[in-house]
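The values are calculated or read from the model by the stated rules, or taken from the named source; none is laboratory data. On a predicted model such as this, the values are computed, not experimentally measured, just so you know. Note that we place each Cβ from the backbone using ideal geometry, even for glycine, and neighbour counts take in every protein chain shown. Areas reflect the complete protein model, heavy atoms only, side chains present, ligands, DNA and RNA absent. Shrake-Rupley method; radii C 1.70, N 1.55, O 1.52, S 1.80 Å.
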Amino acid sequence: MAAARGQLRREHGGAIISNVMVDMAELQFGDDETVFHWEGEGWICGDINRFVFKTEGEASEDDVEHAEVQALYSRAIGPYFDLQAGVRYDIEPSPNRAYAVLGFEGVAPYWFETTGALFLSDEGEVSARLEGSYDARLTQRLILQPRAEINLSADDIPELEVGAGVTDVELGLRLRYDITRNFAPYVGVTYETKLGDTADYASAAGEDDGGIGPRLAGMAAARERDLLRIQLR
């Protein structure tokens, strides 16, 4: 009976599974240069407790402008939300920073995908990030997705060219087509702007403080693998 109960548990929520999702892998065309933007995450374990790995960044034709990785412990605190804690490391821009992370990820009412995190750097600097998106299905395969991201800082950080307050905002609208469950190309447009002292730092460095840019990309949807039964789900 013990073997039968173990098999039943694995088949009904007790399995160890993994997931890898690339939310964005896109080219953004601006006035001066083309920028590659990526964002994705993966996780492994069960329904309640998971190890989560996240990465995102931007790279131009000449250099990596921004790149970060996060390693998090995630625990379900309800049917729709996970509480996450761990560490984040920024590879670029210099000087590099390491952060402690406390955040959440889940689905808000009316099926809004939401993510939020509070960061404490190894220099004692506090910052935060809020993200949200919504999938409006025009057909079963054609989806219009508005997105928004807001970054905030409690401190003025001249060496990172970041001012206190709301540092930058990104608004996007993407139209994607689900060719398969694993791949969905999309086109879209984004508006990015730096605000307050962060915009002043960008202007002093001769950088653009924001603007509208078209995007062309392919997005890979979630792919899960059950590590106990070794089969794709």
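Out of segment 125-142, which residues are surrounded by 15 or more Cβ atoms within 10 Å (Cβ to Cβ) and assigned to a loop (DSSP other than H, G, I, E, B)?
If the condition is that a residue be surrounded by 15 or more Cβ atoms within 10 Å (Cβ to Cβ) and assigned to a loop (DSSP other than H, G, I, E, B), then GLU125 is the only one that fits.
Taking the stated definitions as given, is GLY211 modelled with pLDDT of 90 or more and surrounded by fewer than 15 Cβ atoms within 10 Å (Cβ to Cβ)?
no
Given the criteria in a strand (DSSP E or B), small (Gly, Ala, Ser) and open to solvent by 30 Å² or more (accessible area, probe 1.4 Å), does ALA71 qualify?
Answer is yes for this residue.
Would a scan of segment 56-64 turn up a residue that is in a strand (DSSP E or B), touching a Ser or Thr at 6+ places or on another chain (Cβ under 9 Å), of a type outside the set (A, V, I, L, M, F, W, C) and crowded, with 16+ Cβ neighbours inside 10 Å?
no
Hey, can you tell me all the residues within segment 35-47 that are at pLDDT 90 or above and β-branched (Val, Ile, Thr)?
ILE44
Considering only segment 81-112, state which residues are open to solvent by 40 Å² or more (accessible area, probe 1.4 Å) and either among the polar types (S, T, N, Q) or at pLDDT 95 or above (or both).
PHE81, LEU83, ALA85, VAL87, TYR89, SER94, ASN96, ALA100, LEU102, PHE104, GLU105, PHE112
Go through ARG176, ARG147 for me and flag whichever is touching a Phe, Trp or Tyr at 6+ places or on another chain (Cβ under 7 Å) and basic (Lys, Arg).
ARG176
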